[in-house]
Amino acid sequence: MAAGEPKTLCELFLRAVEEHHKPGAFLVKTEGRYRGTSSQEALRLAAGLAAALERAGITRGDRVAIFAENHLEWALSDYAALGLGVVVVPIYPTLLESDLEFILRDSEAKGIIVSTPAQLHKVLNIRARLPLLGFVLTMDRVEPSPAGVQSWHHAVREELSRRGDCVAAFRTAALRANPDDAATLLYTSGTVGEPKGVILTHANIVSNVRACGPLFSFGPQDVAFSFLPLSHIFERMLDYFCFSRGVSIAYPENMEAIPHNLLEVRPTLMAVVPRVLERIHDRVMDAVRQAPPTRQRLFSWALEVGRSHLSYQLEGRRTPLSLRVKRAAASALIYSKVRARLGGRIHTMISGAAPLARGLVEFFHAVGLPVYEGYGLTETSPVIAVNYPGHVRLGTVGPPIPGVAVKLGEEISSEDGAAGREILVRGPNVASSYYHNQGASREAFTEGWFHTGDLGELDGDGFLRITGRKNNLFKTSGGKYISPDKIENLFQGHPYVAQIVVVGEARRFVTALVVPHFARLEEYARTHGIAVQNREELVAHPAITAFFQNQVDEVCHSLAPHEHIRRVRVLPREFTLESGELTPTQKIKRRVIREKYGAAIEKLYPPPVAAPH
């Protein structure tokens, strides 16, 4: 292989296999325990699959979809396809048949790799309407196997037994990849409108891997826990980065098993989204609330010690000896118990996909679980900016990474002043266009700059702060701009509000749909003598509505008057991915919420009383 830094994902993969002869490059739970797959074996299996794809008629430039949860087979399918010059089309495993059909048709996929019988069932239901879809491979065993469906493992074994060593041919093909070749076609999760296909080249993604390299000192001693969807470029890029550094990559059995798998794997780093951190924080705080008063006071003391220590760290000042002694005691008594919930060895969590509340970041840093908030989009491969060790500013997403330029567009103004400025990005990580969507491409990519649609600010030291989403801004009927993201983010980590959606476009005032933390709300109802039969009765009880209005008023007290939430509707169930109300990265689909809860929203806005004649 040529000397110098890798320029393609294929070079990155092959170089890592050569440099890191690691028996546990990938960790997968089989037969009751986690077992390692070596980097050399990963290469052999990827080469076998590439040969199977070639036998199925797949050639350079074709599109192949992966419709699966995080598995070793997902990563190997990705590397195999890339080595063959194929464009990988990742699809979120929870998508409905209609979305799956749109992506397969729009991408002109020639084949698809699925994991479970449930996903296979979705594919078989729409296959007749997709004449280009030639083959289906399934990771899980399906018996009897439907016509035209082949086992992933059988296909690989067959090629390896037929050809013997496939690695030499795979290596030759993989090294023909050019940096400007399309590597993947990803469809945005689409909080509004139809998904858009984003074309990312090898150079786009590799530039992002290389730019993040000097910021984080991961190495062969580390273990990454890969549980965010590989269908999203955030986790996928991090896995490329980790594999290139010799970091072991562990996959969960399934989403329900994650808490237990963390204790088995004991990872040192992982990517997270704010919703995951909120749930960890909530579980810790629930345990504290159930502890004896002396234990609660000890926890509060330890948390205050951790926050005091953090303030010295952030300001670059030496921590006084007395505070260091207190922190050591707090770590032994309290922090170690919190860290043990995640395996006890985590030293880095990188958060993306949505803004993170400052208080939540403070909490994790205080207990010795550093969270580094970053920012990016599918179109930017994905990282634009990130906080990293030694360069942390709470309330920001960090400075732009090396080689990436950020500037702010024109102010979006209303009667009461500026509502924000759009973040524009330029760099080697930025895609050039959308697939089959010239109109959206012209709008988003202009004069070398990508218009992110996010609003932000840059401070004097170049740290970027996200203030909202351009498409989410709305005006009240009084002409006042409202950023729902700004208001909703205030409720991260709230003891009673699990989810909240702010509404009020073209209305007289702002209202909100609220999903409570039901366990805590039910406890509140019991202690206050509110007798109900079910959750529907609970959320409809006038005392509960009044309670939540008080909670909302308290949080919003520092906002401008026109930003206050005047009325709330408490809902009996949470917004979920399965119901189509959340994107795979846990963002609210506002259009879906407005449609589903239109009647409930209307009831928050009684008609104005007519003036007497």
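The values are calculated or read from the model by the stated rules, or taken from the named source; none is laboratory data. The structure presented is a predicted model; accordingly, all values stated were derived computationally and were not measured. All Cβ positions, glycine included, derive from the backbone under ideal geometry; neighbour counts span all protein chains shown.
Is region 299-315 home to any residue that is in contact with a helix residue (DSSP H, G or I) (Cβ under 8 Å, 6 or more places away or on another chain), of a type in the set (Val, Ile, Thr) and in a strand (DSSP E or B)?
For region 299-315, residues in contact with a helix residue (DSSP H, G or I) (Cβ under 8 Å, 6 or more places away or on another chain), of a type in the set (Val, Ile, Thr) and in a strand (DSSP E or B): absent.
Considering every residue within region 351-365, establish whether at least one is touching a helix residue (DSSP H, G or I) at 6+ places or on another chain (Cβ under 7 Å), aliphatic (A, V, I, L, M) and modelled with pLDDT of 95 or more.
Looking through region 351-365, none of the residues is touching a helix residue (DSSP H, G or I) at 6+ places or on another chain (Cβ under 7 Å), aliphatic (A, V, I, L, M) and modelled with pLDDT of 95 or more.
Which count do you get for residues in region 567-592 that are closer than 15 Å to Arg507 by Cβ and surrounded by fewer than 19 Cβ atoms within 10 Å (Cβ to Cβ)?
So the count comes out to 1.
Taking the condition of a type outside the set (A, V, I, L, M) and under 24 Å from Thr583 (Cα atoms), does Gly376 pass?
yes
Check Val386 against each of (1) more than 25 Å from Ser248 (Cα to Cα); (2) crowded, with 19+ Cβ neighbours inside 10 Å and name the one condition it does not meet.
(1)
Which of the residues that make up region 540-558 are farther than 18 Å from Ile530 by Cα and loosely packed, with under 15 Cβ neighbours inside 10 Å?
Result: Asp553, Glu554, His557, Ser558.
Among what's in region 377-401 and is modelled with pLDDT of 95 or more and among the small types (Gly, Ala, Ser), pick the residue that is farthest from Leu464 (Cα to Cα).
Looking at residues that are modelled with pLDDT of 95 or more and among the small types (Gly, Ala, Ser), I get Ser381.
For residues in region 89-130 being polar (S, T, N, Q) and surrounded by fewer than 16 Cβ atoms within 10 Å (Cβ to Cβ), which is farthest from Leu230 (Cα to Cα)?
Only one residue tops the list, namely Asn125.
Conditions: (1) closer than 18 Å to Glu5 by Cα; (2) at pLDDT 95 or above; (3) out of contact with any Asp or Glu (no Cβ under 6 Å at 6 or more places or on another chain); (4) among the hydroxyl-bearing types (Ser, Thr, Tyr). Thr201 meets all but one. Number of the miss?
Looking at each condition in turn, Thr201 falls short on (3).
Quick one: in region 450-492, of everything that is among the aromatic types (Phe, Trp, Tyr), part of a strand (DSSP E or B) and surrounded by 19 or more Cβ atoms within 10 Å (Cβ to Cβ), which residue is modelled with the highest pLDDT?
Phe450
Could we say that Arg236 is surrounded by 23 or more Cβ atoms within 10 Å (Cβ to Cβ) and either at pLDDT 95 or above or not β-branched (Val, Ile, Thr) (or both) here?
Yes; evaluated as a whole, the condition is true for this residue.
Within region 282-296, can one find any residue that is of a type outside the set (A, V, I, L, M, F, W, C) and within 23 Å of the chain's Cα centre (by Cα)?
Yes, some residue in region 282-296 is of a type outside the set (A, V, I, L, M, F, W, C) and within 23 Å of the chain's Cα centre (by Cα).
Any residue that is in contact (Cβ under 8 Å) with a residue 60 or more places away in the chain and closer than 24 Å to Leu96 by Cβ - is there at least one of those in region 125-134?
yes
Can you name every residue in region 314-336 that is within 31 Å of the chain's Cα centre (by Cα) and surrounded by 15 or more Cβ atoms within 10 Å (Cβ to Cβ)?
Ser331, Ile334, Tyr335
Quick check on this structure: which one of Asp99, Asp165, Asp106 is assigned by TED's automatic domain parsing to the domain that holds Arg60, touching a His at 6+ places or on another chain (Cβ under 9 Å) and farther than 14 Å from Leu49 by Cβ?
Matching residue, one of Asp99, Asp165, Asp106: Asp106.
Checking the conditions here, which among Ile487, Ile482, Ile466, Ile500 is touching a Cys at 6+ places or on another chain (Cβ under 9 Å), among the β-branched types (Val, Ile, Thr) and in contact (Cβ under 8 Å) with a residue 12 or more places away in the chain? Before the answer, list the steps.
On the way: Ile482 fails: touching a Cys at 6+ places or on another chain (Cβ under 9 Å); Ile466 fails: touching a Cys at 6+ places or on another chain (Cβ under 9 Å); Ile500 fails: touching a Cys at 6+ places or on another chain (Cβ under 9 Å).
Going through Ile487, Ile482, Ile466, Ile500 in turn, just one is touching a Cys at 6+ places or on another chain (Cβ under 9 Å), among the β-branched types (Val, Ile, Thr) and in contact (Cβ under 8 Å) with a residue 12 or more places away in the chain: Ile487.
If Leu356 satisfies all but one of (1) touching an Asp or Glu at 6+ places or on another chain (Cβ under 9 Å); (2) at positive phi; (3) assigned to a loop (DSSP other than H, G, I, E, B), what's the number of the condition it fails?
Among (1) touching an Asp or Glu at 6+ places or on another chain (Cβ under 9 Å); (2) at positive phi; (3) assigned to a loop (DSSP other than H, G, I, E, B), the lone unmet condition for Leu356 is (2).
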